[in-house]
Structure formats: structure tokens, C-alpha cells
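Here's the structure we're looking at; comments come further down.
The values are calculated or read from the model by the stated rules, or taken from the named source; none is laboratory data. Values in this document were obtained by computation on a predicted structure and should not be read as measured data. Glycine also receives a Cβ, built like all others from the backbone with ideal geometry; neighbour counts cover every protein chain displayed. Remember, those area values only see protein heavy atoms, side chains included, never the ligands or the DNA or RNA. Shrake-Rupley method; radii C 1.70, N 1.55, O 1.52, S 1.80 Å.
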Amino acid sequence: MVDLVNRERARQGCDPVTVDARLTEAATAHSEDMASRDYFSHVTPEGIDFGERIKAAGYPSPGAENIAEGYRSASDVMAGWMDSPGHRDNIVNCELTKIGVGLDDGAWVWTQNFGY
């Protein structure tokens, strides 16, 4: 997934993002939470948004979040995100420098968390 993100970023003249374990933790927890509690949103049922979740995982500068559901491969979910202007903008935002990716492969729920 990160390689696919960085290929798209390179096409736009952006530096690659690097993986941060705290962003990966936040992304994985969100994918698992959405799958286990059967919701699909950037905001939990309690009203906690991606920035709050990322900070709770110890990462100080949240940037953006992409979520997707139902895609069975990284290349398929990336194609879907690149066809969506808002998701695409997050992926090719050259100001974002870090990434974490989470997947619940029982429900095929994906999360990308980006940071500055």
C-alpha cells in the first residue's frame, strides 16, 4: 500500500511518505473498530474524529484520513481512492510526510492515516 501511495505521490512531484508506527496503530484500530461495531465513518459513534484518534495514539500532528470498504486488494482500494477527488487530494498532498495503514481483512475495511 505504501509503495502504491508513493508511486502516486512521485507522479505529482511529492516526496515519499514514510511509515509511522503510531499512525499505523491509529489506522488499524479504526479499521477494526468500524468492522466490529458495523459503522463506516471518519467519526466514531462517540463523536471521536481522526485527529483525536491519531493524537491518542501518540502522534502529534494529524493530517488526513482515507477510509474504504469492500476492496480486496491494495491496488483496488488505491484505484478507488485515486478516482475520488478528496481521497486523491490526501494521497498527493505534498505537505503530508507520514502514513499509517490499517486493514480489517475480515470485513475488508481500510484506513490510511496521514501526518505532517
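Yes/no per residue for (1) closer than 20 Å to ASP49 by Cα; (2) without any contact (Cβ under 8 Å) to a residue 40 or more places away in the chain; (3) not in a strand (DSSP E or B):
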| position | (1), (2), (3) |
| --- | --- |
| TYR71 | no, yes, yes |
| MET78 | no, no, yes |
| GLY86 | yes, yes, yes |
| ASP89 | yes, yes, yes |
| CYS94 | no, no, yes |
| VAL101 | yes, no, no |
| GLY106 | no, no, yes |
| TRP110 | yes, no, no |
| ASN113 | yes, no, no |
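Criterion first (part of a helix (DSSP H, G or I) and either modelled with pLDDT of 95 or more or open to solvent by 90 Å² or more (accessible area, probe 1.4 Å) (or both)) does ALA64 satisfy it? Spelling it out, it is not the case that ALA64 is part of a helix (DSSP H, G or I) and either modelled with pLDDT of 95 or more or open to solvent by 90 Å² or more (accessible area, probe 1.4 Å) (or both). Of the residues GLY70, GLY13, the single one that is among the small types (Gly, Ala, Ser), more than 18 Å from VAL109 (Cα to Cα) and out of contact with any helix residue (DSSP H, G or I) (no Cβ under 7 Å at 6 or more places or on another chain) is GLY13. Could you check, for the stretch 67-82, whether at least one of its residues is touching a Lys or Arg at 6+ places or on another chain (Cβ under 8 Å) and not aromatic (Phe, Trp, Tyr)? Taking every residue of the stretch 67-82 in turn, at least one turns out to be touching a Lys or Arg at 6+ places or on another chain (Cβ under 8 Å) and not aromatic (Phe, Trp, Tyr).
Of all residues in the stretch 18-30, those being part of a helix (DSSP H, G or I), farther than 12 Å from ALA56 by Cβ and open to solvent by 10 Å² or more (accessible area, probe 1.4 Å) number 3. Of everything listed in (1) touching a residue at least 24 places away in the same chain (Cβ under 8 Å); (2) over 26 Å from ARG11 (Cα atoms); (3) open to solvent by less than 60 Å² (accessible area, probe 1.4 Å), the single unmet condition for ASP33 is (1). Against the conditions (1) open to solvent by 40 Å² or more (accessible area, probe 1.4 Å); (2) of a type in the set (Ser, Thr, Tyr); (3) part of a loop (DSSP other than H, G, I, E, B), TYR39 satisfies every one except (1).
I need the full set of residues from the stretch 78-102 which are within 11 Å of the chain's Cα centre (by Cα) and open to solvent by less than 60 Å² (accessible area, probe 1.4 Å), in order please. MET78, TRP81, HIS87, ASN90, ILE91, ILE99, GLY100, VAL101, GLY102 - these are the residues of the stretch 78-102 that are within 11 Å of the chain's Cα centre (by Cα) and open to solvent by less than 60 Å² (accessible area, probe 1.4 Å). Cβ-Cβ distances below 7 Å connect no pair with a first residue in the stretch 1-25 that is more than 16 Å from MET82 (Cβ to Cβ), a second residue that is open to solvent by 90 Å² or more (accessible area, probe 1.4 Å) and among the polar types (S, T, N, Q), and a separation of six or more residues or different chains.
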